[in-house]
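Working notes, beginning with the structure itself.
Where a number appears in this text, it was derived from the coordinates with a stated rule and is not lab data. Predicted model, so just to flag it, every value in this text is computed and none were measured. All Cβ positions, even for glycine, are placed from backbone atoms using ideal geometry, and neighbour counts span all protein chains on display.
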Amino acid sequence: MIKDVNGGYWGLAIILSAFMIQFLAFGTGLSIGLYNIELLAVTGDAFSVSLVAAINTGCFLGSGPLASLLMNYLSHRTIVLIGAGLSSASILCVPFLPSIGYMYALWGVCAGLGFCFVYVPSHVMSGLYYDKHTSLATGVATAGSGLGMTVFPTIVGYLIDVYTWRGSLIILAGLMLNLFVFGLLLRPLPTMLENIGENDQDKGTKGKRFRNYFVFCVFEFDVFFVGNILWNMGLNIVVTFGPDFILTTLGVTSIEAAYMLTVLGLCTFLGSLLTGFIGNFHCVNRLFLYVLVCVLSGIGVICFPIAKTYVMLMVAHAIVGLGFGGILGLLLVLTTDLLGPESLGDGVGYLMLSNGVGCFAGPPIAGLLKDSLGTYDVPLYTAGVLVVASGVIMGLVPLKTKLWGRSVIYKDTEEEIAQGS
């Protein structure tokens, strides 16, 4: 069990590093909707274009178990540095690719995997450095993703206008090099290393491997896993096709569409900070708060096709952003509540897998619906219902607790694991 070290000055450095890594990774990854506008103008095939974003986000989030596994053998810092090199090099190659098919491999798989390698270790460390104020610490770190979504769409929209979409990617690749700087700040936590050594001596390289899969024996985590698939399906549809929906519905410019994503990102930033602060109070039911923000975000998405003016769409984006930020701000601390700090790394890894599955499945489905129906209304209604459903099914957790009690979260020894199975 990791004791409450509460970080000190290095704890602040870890939070800053995690914040900036999420700022860069999410800001770049979630600006892909603006590039979809350019690619759609060239190909006219929504399904083919949607696969670029789906593969990128799917690998970004779906490779979480791989990053979690590597954290058992390599330092968090080493994995982040590998991811920094992979993501920056991949983005630099994209402008020189001859066709969209090559983007699936470079922008989709390689850049997505690099984003995963920088995100997961930094996010986990922001939770391990703080035990007493975990919710606040992770909420602040997660707010980096919201700020990235706030700033990057406007920057990317401007860069595309001035340097074309190919030139803008070269500049983004240069910005990704800053991931090396923030990765170097991820100094290992001494308390964590000491406890890992004790655990290895007590349990033996077999008990540790078994623990990696034990999280799926916890019913509460299984429900959480499915819920994450649903909300990622819905919200990635919005990120992927939202800008083009705004352009086709209102006839605005690319920059005006980027401002919508800026509002979404700003409210995501505020939502992360707000839920991180609120969730830090022991009197707050964090599970209920999570359900509330999921439903709020889903309702905002359902309002997209209904909103017929620029201002109404901006309000809808603000609602979605607040809910989305709330979801992100609670993910790590709710995983800790369900599994305990000992299994946090494994839980986050598999949770990333569920996020990746949802992100990969959502955009292609929406692209097929758009191609067959000629409108974004049905895809967006579907996206909103999926996000609402992700919160509603979490009601199974207190229901199961009331009927049969809480699942056993963690077994301390290999023999107890065998008895529990």
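Note down the net charge around Leu51, summing +1 for each Lys or Arg and -1 for each Asp or Glu among other residues with Cβ under 14 Å from its Cβ.
Summing Lys/Arg as +1 and Asp/Glu as -1 gives -1.
What ranking, highest mean first, results for peptides 10-23, 348-361 when packing means the other Cβ atoms within 10 Å averaged over each residue?
348-361, 10-23
Find the Cα radius of gyration of region 30-140, compare it with 2.2 N^0.38 Å by division, and give the number to two decimals.
For region 30-140, the normalised Cα radius of gyration is 1.23.
By what distance, in whole Å, do the Cα atoms of region 39-87 stretch along each of the three principal axes, largest value first?
45, 20, 8
In the chain, how many lysine pairs have Cα atoms under 26 Å apart, counting only pairs 8 or more places apart or on different chains?
13
Once the principal axes of the Cα atoms of region 1-91 are found, what is the range along each, listed largest first in whole angstroms?
The Cα atoms of region 1-91 stretch 55, 25, 24 Å along the principal axes, largest first.
Ignoring everything except DSSP H segments at least 4 long, calculate the 222 nm mean residue ellipticity for the chain; use -39,500 (n - 2.57) per segment, divide by total residues, nearest 500.
Computed mean residue ellipticity for the chain: -27000 deg cm²/dmol.
Order these peptides, 282-292, 140-150, by their mean beta-carbon neighbour count within 10 angstrom, highest first.
Going from most to least packed, we get 140-150, 282-292.
Quick one: which of 83-94, 161-172 comes out on top by average Cβ neighbours within 10 Å, and what's the full order, highest first?
Most protected by this proxy first, the peptides run 83-94, 161-172.
Assigning unit charges at the beta carbon (Lys, Arg +1; Asp, Glu -1) and nothing else, what dipole magnitude in debye, to the nearest 20, does the chain show about its Cα centre?
160 debye
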